Structure formats: C-alpha cells, structure tokens
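Below: one structure, written as structure tokens.
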Amino acid sequence: MKNIKYNLASDSWGTEEINAIQQVIKSNRYTMGPKVKDFENKFAEYFNTKYSLMVNSGSTANLLMVASLILSKNHNLNKNDEVIVPSVSWSTTYYPLSQYGLKLKFVDVDLETLNIDTNELENAISNKTRAIMAVNLLGNPCNFNKIKELCSKYDLILLEDNCESLGAKYDNVYTGTLGHMGSFSFFFSHHMQTMEGGMILTNDQSLLEIATSLRAHGWIRDLPSNNSIMNKSGNNFEDSFKFVLPGYGVRPLEMSGAIGLEQLKKID
C-alpha cells in the first residue's frame, strides 16, 4: 500500500489571491476599508447570520466577544461570574475570560470527539455559572442539542470558539452560529487563509455595535448614527474622536479582506 503524506498546513492561494493583493496596492488603501466591509457582508451571508465583524485574529475575536458581553447592558455577565470551558483548547480560548475577571470552570472532554463532555456538563453548573464557552475542536461540532438545552434551563450565555471548525455543521446549521457570538480564525493553518485575520458572527445588533467600537480604540466613528452605545451628535469631527468604551487596535488589513473574498469562493 502506497504511503500518502498530508501536510499539517498547506497553502491554498492561487493567482486570484495574489491579484487581490495587487488591487489593494494599486488602490493605495491599506488599512481597513471597503474590501473588509464587503468580506464581512459576504461572510455573514454565507453563514446565514445577520452580522459579521472582521478582526486581526481569531484570538482577538474571542477577546472582543467576551468584552462585548461584559459591557453589554442586555446580558448578565459580570466579573467573578463562572464560565464553563472544555479542558482541551487553545490558550486564547481561556485568557480573554480571565482577563475580564471571569472564573474558568473546566469540564473534561469526550475522548471520541475531544469536545466538552456533555454528560459531565450539568454537574459543573452552579449558581455562579453565567456562560458556556463551547469549542468545536478539529472540525468536530459539540453536542449542541444538550448544550442549548442546558443553556435554556439555567439561562446561560452560549459562546462558540469555532476557529478550528469553519464550515462544519450541526443538524445542518453552521457551527459558529449557534450561540450568542461565534469566533473564526483565518491563520495560515486554518480553512481560510488571509495572512492574519479573524471574524465574529452574531445575530445581536447591540453586541455587534459594542465589538465594533472595541475593535478600533473604543470610538463611535464606525457606528451608525443611532446605536445602542451613544448616538452621534451630527458633528463629523466630534463624532470621529469620541471615545466611549475600552479600546483596542485589532482592525484587519485591507489586504486580508481582499484575500478573504477570494478564499470564501473556494471554501466548499
């Protein structure tokens, strides 16, 4: 029998991605712009979700998801609350939670899937538990029937770290779209490759608006005139330099958005 070698990670770029980069260079617009916005819109459409926000990595996607829920007036997640996490994942599944003062409660994984063991999940829920961070590991969807049943029963927030499972489905629904927010990564070793990059999906407009502000310095510049954080005054200069939330600098490059548009065409 002939041995077949599979690379752990391989380049999926073609002339389309190279041409997309060249078009960005010719435009002289390197920072986040229309290509990123177009990619966000097409990504949300592909995954049948209302809103999509591109960032510079899957790790910062996790960070903004956690921060958005902490800062949200509509969701009961606060410092010192417990969040249930699986015992196997990447470091930046966990650190954004602890950075915002949340207490991690580890649950062991199922040896067949390496995802959180739903047989042990309910026993881990206490009166301090407010959320579950579900991780779809290595393309394997979690048992969302059970997870969502428990979230409904105990009024828990559901987050998905879907950085390793873009395109996977559970009951014909894409993973990364089953919770309040879901994260994706476009690092070289993942399904889509945009140099660096990540994405957040959500159906909650207020969470999208918080994450949008956090993505760029905590300002309101990128928000609509009427939004859930602070409505704009109508003075363009004033509205461009009004900082209202804790801010990060985690915007993606315009090149990454252009590459993502070409990669999305190949995802099937």
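At a glance:
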read-out	value
Under the Debye formula (equal points on every Cα, no solvent term), log10 I(q)/I(0) of segment 177-258 at q = 0.14, 0.16, 0.21, 0.24 Å⁻¹	-0.56, -0.70, -1.02, -1.14
Student exercise, segment 1-136 dipole from Lys, Arg, Asp, Glu Cβ charges, in Debye to nearest 20	620
Point-to-point label distance, residue 238-residue 30, nm (Cα→Cβ direction, 7 Å offset)	3.5
The chain: relative contact order in percent, alpha carbon pairs under 8 Å with at least 6 residues between	25
Mean separation of Cα contacts under 8 Å (6+ apart) over length of segment 33-142, as relative contact order %	23
Efficiency of FRET between residue 45 and residue 2 - r from beta-carbon atoms, R0 35 angstrom, step 0.05	0.25
Sequence of 2, 128, 50 when ordered by accessible area, the most exposed leading, probe 1.4 angstrom	2, 50, 128
Carbon + sulfur, % of accessible area of the chain - ligands and nucleic acids excluded, 1.4 Å	49
Proximal charge balance of residue 41 [Cβ under 13 Å; K/R count +1, D/E count -1]	+1
Segment 210-265: radius of gyration over Cα atoms, expressed as a fraction of 2.2 N^0.38 Å	1.34
Alpha-carbon gyration tensor eigenvalues x 5, square-rooted, for segment 1-159, Å	34, 24, 14
Cα convex hull of segment 77-208 - mean projected area over all directions, nm²	8.0
Counted charge near residue 194, where neighbours are those whose Cβ lies closer than 14 Å (Asp, Glu -1; Lys, Arg +1)	-3
Expected-Rg normalisation [2.2 N^0.38 Å, Cα atoms] applied to segment 120-268	1.21
Extension reserve of the residue 79-residue 98 stretch, reckoned as 0.36 nm per residue once the Cα distance is removed	5.9 nm
Equivalent ellipsoid semi-axes, segment 1-88, via Cα gyration tensor eigenvalues times 5, rooted, Å	33, 25, 12
Over segment 98-250, relative contact order from alpha-carbon pairs under 8 Å, at least 6 apart, %	13
Charge context of residue 232, other residues only, Cβ under 13 angstrom, K/R +1, D/E -1	-2
Filter on 42/266; 103/128; 5/266; 105/128; 79/103; 128/153 - keep pairs with C-alpha separation over 19 Å	5/266
Average accessible surface area per residue within the chain, 1.4 Å rolling probe, Å²	50
Unit charges on C-beta of K, R, D, E only; dipole of segment 1-73, Debye	100
The chain: Rg to Rh, with Rh as the Kirkwood radius over Cα pairs	0.99
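The values are calculated or read from the model by the stated rules, or taken from the named source; none is laboratory data. As the structure is a prediction and not an experimental result, all values here were calculated from the model. With ideal geometry, Cβ positions are generated from the backbone for all residues, glycine too; neighbour counts draw on all protein chains shown. All accessible areas refer to the heavy atoms of the entire protein, side chains included, with ligands and DNA or RNA removed. Shrake-Rupley method; radii C 1.70, N 1.55, O 1.52, S 1.80 Å.
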